[in-house]
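Novice: Below: one structure in structure tokens.
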Amino acid sequence: MLQSTLFGKTLREPPRDDQSTNAQLLQQAGYVDKLMAGVYSYLPLGYRVLKNIEHIIREELTEIGGQELLLPALHPKENWMVTGRWDGPDPLYKLEDESGHAYALGSTHEEIITPLVKRDVHSYRDLPLALYQFQTKFRAELRAKSGMLRGREFIMKDLYSFHRDEADLARYYDVVKEAYVKIFKRCGIGEETVLTFASGGSFAKYSHEFQTLTAAGEDTIYLCPTCRIAINDEIIAEQPNCPQCKADRGKLIEQKAIEVGNIFSLKTKYSAPFGLTFKDESGTEMPVLMGCYGIGLGRVMGTVVEVHHDDRGIAWPKAIAPYDVHVVRLGDSPSVVAAADTLYADLRKKNVSPLYDDRDLSAGIKLKDADLIGLPLRVVVSEKTMSAGKIEVKRRIEEESNLVDGLEALVAQYL
């Protein structure tokens with residue numbers, strides 16, 4: 001991609017109406033644009049990051065038997081009346097058409113997927129089943145804040161699983177838990193993200209959250225230093241010790257964190273109202289048990305920025321960075337232009353994705369923008385490097401640059 005034609009320019013200063021680091025850096029670096037509180041446009045750079053996160057999630061959920069579909073975002077009132085949630089505490093956006101029919105913009109999809117599954121699941125042979133989607137959600141947040149972390153419109157991966165008994169539900173619940181660990185590790189926040197016990201409501205003793213430790217977090221959790229399992233703030237008062245290793249509660253460490261994923265054992269909360277049942281081997285009608293598992297893609301993106309940044313800008317983990325390498329041309333002499341153009345073309349031939357700063361701007365602006373945008377690797381082409389017969393390479397997370405002998409050495413040592 002040529003930076004001279006890239007839509008979404010860097011800003012000299014961060015926006016003043018957003019205090020969170022992720023919102024400031026993502027807007028200043030040209031990844032997103034704020035339409036209004038809690039609603040953002042993903043510009044080309046930001047959309048590439050979002051799709052990389054989506055790709056990682058899709059691979060891991062396919063590995064555990066998930067089937068991808070896409071459900072409507074516009075929901076009829078009748079479905080939500082079945083579960084009693086039309087007038088419930090969930091902050092729904094509601095609307096009515098000219099004929100008087102009422103609808104909600106989907107904040108979640110249990111009311112849609114459960115009757116859909118009822119259409120095709122009739123026998124024990126149809127179970128277990130796991131279905132997931134990437135869909136825009138809408139929540140009427142009164143206090144949208146923290147940039148990508150708490151929005152009114154956002155993209156969610158929601159997975160729903162369907163089972164014949166509690167043993168199979170518990171089995172798959174643990175399978176998803178492990179898949180989530182892999183997802184957050186691949187996204188570059190695995191070391192900072194901990195499994196956190198939360199209240200399970202009336203359906204199970206616990207649900208679980210995946211919380212990423214960062215001072216920017218809006219949640220308070222209590223981390224066990226022995227097993228690195230945490231308890232969230234809502235259940236800590238009634239929990240005498242670590243639910244994993246039984247360490248005394250007094251040893252737990254209070255931390256700030258961002259919730260990047262959650263998993264719930266729903267059992268029959270939604271299958272019962274919709275009459276979702278199956279016939280077992282004896283022909284007896286039995287209720288289908290359900291689990292649900294969510295990850296907010298924009299929330300993951302914002303959390304990565306909160307964890308991986310410095311005073312110069314973002315420092316993307318390689319797996320979700322919008323491009324592999326930032327080629328920065330310093331100077332506009334014919335020889336420098338030719339060398340930079342050739343390097344850009346050769347990288348693409350080797351299936352390396354480069355962002356090429358071919359703009360006619362000063363070296364200072366280009367290098368500052370490269371740090372702000374935060375690609376994992378920066379490659380500089382200049383008269384100085386050409387005179388030495390080298391390519392200057394610098395990892396975003398390192399202070400010093402190095403000289404390598406050419407394209408092959410660059411690819412072998414850094415890509």
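The values are calculated or read from the model by the stated rules, or taken from the named source; none is laboratory data. These numbers come from a predicted model, not from an experiment. When we count neighbours, we look across all protein chains shown, and the Cβ atoms used for this are built from the backbone with ideal geometry, even at glycine.
Novice: Residues in segment 374-395 that are in contact with a helix residue (DSSP H, G or I) (Cβ under 7 Å, 6 or more places away or on another chain) and farther than 16 Å from L347 by Cα: how many?
Specialist: 3
Novice: Looking for something part of a strand (DSSP E or B) and of a type in the set (K, R) - is there at least one such residue anywhere in segment 114-122?
Specialist: no
Novice: Can you tell me how many residues in segment 306-328 are buried (at least 18 other Cβ atoms within 10 Å of the Cβ) and in a helix (DSSP H, G or I)?
Specialist: Total meeting the criteria: 3.
Novice: Out of segment 184-199, which residues are touching a His at 6+ places or on another chain (Cβ under 7 Å), assigned to a strand (DSSP E or B) and either not assigned by TED's automatic domain parsing to the domain that holds A130 or not hydrophobic (A, V, I, L, M, F, W, C) (or both)?
Specialist: Of the residues in segment 184-199, the ones touching a His at 6+ places or on another chain (Cβ under 7 Å) are 188, 195-198.
Still in the list and also assigned to a strand (DSSP E or B): 195-198.
Of everything in segment 184-199, just one residue is touching a His at 6+ places or on another chain (Cβ under 7 Å), assigned to a strand (DSSP E or B) and either not assigned by TED's automatic domain parsing to the domain that holds A130 or not hydrophobic (A, V, I, L, M, F, W, C) (or both), namely T196.
Novice: Output the residues belonging to segment 38-72 that are surrounded by 15 or more Cβ atoms within 10 Å (Cβ to Cβ) and over 21 Å from H309 (Cα atoms).
Specialist: Selection gives G38, E54, I56, I57, R58, E60, L61, I64, G66, L71.
Novice: Here's something else I'd like to know. Out of V121, V181, V175, I need the residue that is in the same structural domain as I64 (by TED's automatic domain parsing) and within 14 Å of the chain's Cα centre (by Cα). Which one?
Specialist: Checking each option against the conditions leaves just V181.
Novice: Where the second residue is at pLDDT below 95 and loosely packed, with under 12 Cβ neighbours inside 10 Å and the first is under 22 Å from L159 (Cβ atoms) and lies in segment 70-97, which pairs have Cβ atoms under 9 Å and are six or more apart or on separate chains?
Specialist: W80/D87; W80/G88
Novice: Answer yes or no as to whether D346 is free of Cβ contacts under 8 Å to residues at least 12 places away in the same chain and either outside the structural domain of R396 (by TED's automatic domain parsing) or surrounded by fewer than 19 Cβ atoms within 10 Å (Cβ to Cβ) (or both). Can you show your working first?
Specialist: Values: free of Cβ contacts under 8 Å to residues at least 12 places away in the same chain: no; either outside the structural domain of R396 (by TED's automatic domain parsing) or surrounded by fewer than 19 Cβ atoms within 10 Å (Cβ to Cβ) (or both): yes.
No.
Novice: I'm told D332 meets every condition in (1) over 20 Å from Y160 (Cα atoms); (2) modelled with pLDDT of 95 or more except one. Can you identify the failing condition by its number?
Specialist: Here D332 meets the rest and fails (2).
Novice: Could you pull out every one of the strands (runs of 3 or more DSSP E) wholly within segment 223-305 that has 2 or more residues that are within 26 Å of the chain's Cα centre (by Cα) and assigned by TED's automatic domain parsing to the domain that holds Y31?
Specialist: So the answer is 230-232, 253-267, 289-296.
Novice: Now for a separate question. Return yes or no: is L116 crowded, with 19+ Cβ neighbours inside 10 Å, more than 18 Å from the chain's Cα centre (by Cα), aliphatic (A, V, I, L, M) and in the same structural domain as I229 (by TED's automatic domain parsing)? I'd like the intermediate steps shown before the answer.
Specialist: On the way: crowded, with 19+ Cβ neighbours inside 10 Å: no; more than 18 Å from the chain's Cα centre (by Cα): yes; aliphatic (A, V, I, L, M): yes; in the same structural domain as I229 (by TED's automatic domain parsing): yes.
So L116 does not fit the description; no.
Novice: Looking only at segment 337-359, count how many residues are over 16 Å from E408 (Cα atoms) and touching an Asp or Glu at 6+ places or on another chain (Cβ under 6 Å).
Specialist: The total comes to 0.
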